[in-house]
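Just so you know, all these numbers are worked out from the coordinates, no wet-lab data involved. Please read these numbers as outputs of a predicted model, since none were measured by experiment. Reconstructed Cβ throughout: ideal geometry from the backbone, glycine too, with neighbour counts over all protein chains shown.
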Amino acid sequence: MCEYLDNISEGLTTTQTMWLSFCDDVQIRGNIVDGAYRVVWLQYCTNVTVFGNGADNVVNEFVYVNEPDVPYQGLGYSSKIFINHNEVQNCGRAAVLIGCAADEFKVLYNYVEDATIETTGTRSAINCSTGAKHGRVMHNKIRGTKHKYGIEITASCVNVQTFNNDTIGAVTKPQLNSSTGGGFEGYFMHSTNGNRYIVTVNDAGAPVYTAGK
């Protein structure tokens, strides 16, 4: 196990605070960061927990997950990444960017204030793209005036569920952009005979029940 616990970091605005590549079983917990180029950069990592950290004044992302090298892309090296119960303020780009085919990830119960302050209306506070799959983005609270969307799930994603996120302040009207085929905003329910349904809502506010996947 690799652990980065209960540290205080200040003023590292030209370098990554934590940069991990091809790592497994990592705990990043209880750290306080004031000033960073990027707080957590994960490349080809599995079983990573980023929990209970606080970050302020971040030039780029709080957490960035990617696979930059073509020969290693989409081979399952990025999976089971859990980003939970963190507080992020004054972040230049997305607070959380899942920018690769990461599998089985969760972004839960995070508080984000003033993300994407580098530019207005071009990036989203939490963004899943580039083939991210089987993820859950739930129970997050997002505030700010410059993000394009509070949460954005691009069409390249597969089965990314969003639910119960409290997001205010997007430049564009929708607080959530979940592209067709990439994800859905809703929850699962099962009938008494065991059939699974995805429950969503249409623009009129009426529930929609779709046979589950």
| field | Rh by Kirkwood over Cα pairs, then Stokes-Einstein D for region 146-213 at 0.890 mPa s and 25 °C, µm²/s | value | 188
| query | Over all distinct alpha-carbon pairs, what is the Kirkwood Rh of the chain in angstrom? | reply | 17.3
| note | Counted neighbours (other Cβ, 10 Å), sorted fewest up, put 24, 6, 103 in the order 6, 24, 103
| note | Extension length gain for residue 80 and residue 32 (0.36 nm per residue less Cα distance), in nm, is 14.9 nm
| note | In debye to the nearest 20, the charge dipole size for region 2-185, taken about the Cα centre with +1 at each Lys and Arg Cβ and -1 at each Asp and Glu Cβ, equals 560
| query | Which of the aspartates and glutamates could be linked to residue 146 by a straight reach, that is with a Cα gap under 20 Å, when you skip same-chain ones fewer than 8 residues away? | reply | 56, 61, 87, 113, 114, 118, 166
| request: Taking the dipole about the Cα centre of the chain, with the C-beta of Lys and Arg at +1 and of Asp and Glu at -1, give me whichever of 202, 165, 137 is farthest to the positive side. | output: 202
| said: Can you give the local net charge around residue 88? Use residues other than it whose beta-carbon is closer than 13 angstrom to its beta-carbon, Lys and Arg +1, Asp and Glu -1. | reply: -2
| request: Please express the Cα-Cα pair-distance distribution P(r) of region 17-87 as a list of whole percents, one per 10 Å bin, running from 0 to the bin with the greatest distance. | output: 20, 52, 24, 4
